[in-house]
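Enquirer: Right, I'll just put the structure down here and ask away after.
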Amino acid sequence: MHLDLTDRKILHELDINSRQHTAEIAKKLRISKQVAGFRIDRLLKEEIISSFHAIIDVSKLGFSIHKVFLRLQNADTKKELLILKFLSDNPNIVWVASCDGKYDLAFGTWAKDMAYLDRTMKEMNKKMEDFISEKQVAPIVRGEYFIRDYLIESEAAHPMTRTRPYTLLLRSQSAMRKSFFGSEPLPAKIDAIDWKILFELGKNARSTSVGIAEAVSISADAVADRIRKLEKSGIVKHYNIVPNEAKYPYMHYKILIGLKNLTEIQERHLEEYCRMHPNIVYIVKTLGPWEFEIDVEIENPQKLRELMMDLKTRFKDIIKDYSSLSIHQVHKYNFCPSVQVQSDYK
């Protein structure tokens, strides 16, 4: 599907807040509500959008996130599909992706403590150890999402085409909003109904309050009030889109970066560079075999090469090495708790 400027503006608005009403999007884009609704329906029908994602700070639910990267062996297509199904069905696993490069699969799992993580990993090993040739675990210290500004920025506005220092570049106001989750467990006070609402938002962040009310057996006004409180408490950060890599006209790469001689100032500069670059949509600080992860959505491999050349030149004093993974399919993306996780939480 070819995405014209209106399609890209709609995707951008949905990435800023996928729960906003179609009428709001139409007003901002100066198109009719009917045209906006038709376009959104078409993006879903053509599978450009995989889902609408509620970003949750899991530390406020008492959890931390750990990324796991796997290189497979002796696994044909059928076996790999079974592995993907096992990972996607596991309630403690929040993100699963197939990739090309050094690793074949990657997933994220949440845990209350190391014993909780050990239980999840033992379950995985029991099912998969004969097919794993290498495994790396990278605990997340902090993750941060950025709005997909590349959808509306022209080539002339691309940071790598400008002559000004990158520290003077400004991303759109919406993109400067921080949407992050941490690793220090700071449980907030929520009840069983809040958990059910989070679960419904996880299935579809664009679900209406009326639809959620039917699922949790309270009024739509009560649902809307609880969602506002979940947002105000920082449990729910915001709502964006999850593109379908198989149909989305931008390539998705995950860059794993090893750092050296890192100071707090240099770390802030690196993070700021990522915040301002329109093609960088997500960053993670980890305590694994590398220290930093960058997710890039970009037109083609040549553009990625230009981005990495710029990054390596600007941060040559701290970048030790890096490797890139091409993410060709995300199979699960849901940070909201299931009933089983809620039971474990208690």
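Where a number appears in this text, it was derived from the coordinates with a stated rule and is not lab data. Here the structure is a predicted model, which is why all the values come from computation and not from measurement. Glycine also receives a Cβ, built like all others from the backbone with ideal geometry; neighbour counts cover every protein chain displayed.
Enquirer: Count charges around residue 24 for me, please; just the other residues with Cβ under 11 Å from its Cβ, Lys/Arg as +1, Asp/Glu as -1.
Expert: Combined, the nearby Lys, Arg, Asp and Glu give +3.
Enquirer: While we're here: In debye, nearest 20, what is the charge dipole magnitude of region 189-233 about its Cα centre with +1 on Lys and Arg Cβ and -1 on Asp and Glu Cβ, if you could check?
Expert: About 160 debye.
Enquirer: Please list, by residue number, every one of the trypsin sites (Lys or Arg not before Pro) in region 1-42 that is coil in DSSP and has at most 10 other beta-carbon atoms within 10 Å.
Expert: Here the trypsin sites (Lys or Arg not before Pro) that fit, given the DSSP loop and packing criteria, are 30.
Enquirer: Before rounding to the nearest 500, sum -39500 (n - 2.57) across all DSSP H runs of length at least 4 in the chain and divide by the residue total; then give [θ] at 222 nm in deg cm²/dmol.
Expert: -11500 deg cm²/dmol
Enquirer: For region 99-115, what does the Karplus curve 6.51 cos²θ - 1.76 cosθ + 1.60, with θ = phi - 60°, yield as ³J(HN,Hα) per residue in whole Hz, taken in order and with x for Gly and Pro?
Expert: Per-residue couplings from phi come out as 9, 10, x, 5, 10, 9, 9, 9, 8, x, 10, 9, 8, 6, 7, 5, 5 Hz.
Enquirer: May I ask you to list the lysines whose Cα is less than 17 Å away from that of residue 27, ignoring any residue fewer than eight positions away on the same chain?
Expert: In chain and number order, the partners are 9.
Enquirer: In the neighborhood of residue 322, defined by Cβ-to-Cβ distances under 14 Å, what is the net charge if each Lys or Arg adds +1 and each Asp or Glu adds -1?
Expert: In short, +3.
Enquirer: Let me ask something additional. Please list, or write none, the aspartates and glutamates whose alpha carbon is within less than 14 Å of the alpha carbon of residue 126, excluding same-chain residues fewer than 8 places away.
Expert: 118
Enquirer: May I ask for the net charge around residue 312, where only other residues with Cβ less than 14 Å from the Cβ of residue 312 are counted and Lys, Arg are +1 while Asp, Glu are -1?
Expert: +1
Enquirer: Using alpha carbons only, what's the Rg to Rh ratio of the chain with Rh from Kirkwood?
Expert: Rg/Rh: 0.95.
Enquirer: Mind scanning 127/316; 203/316; 67/316; 45/102; 203/303 and naming the pairs with a C-alpha gap bigger than 30 Å?
Expert: Over 30 Å Cα-Cα: 127/316; 203/316; 45/102; 203/303.
Enquirer: Please compute the contact order of the chain in relative form: average sequence separation of alpha-carbon pairs under 8 Å and at least six residues apart, divided by the residue count, as a percent.
Expert: 29 percent
Enquirer: May I pose another question? Based on the Cβ-Cβ distance of residue 31 and residue 79, what FRET efficiency does E = 1/(1 + (r/R0)^6) give at R0 = 41 Å, to the nearest 0.05?
Expert: 0.30
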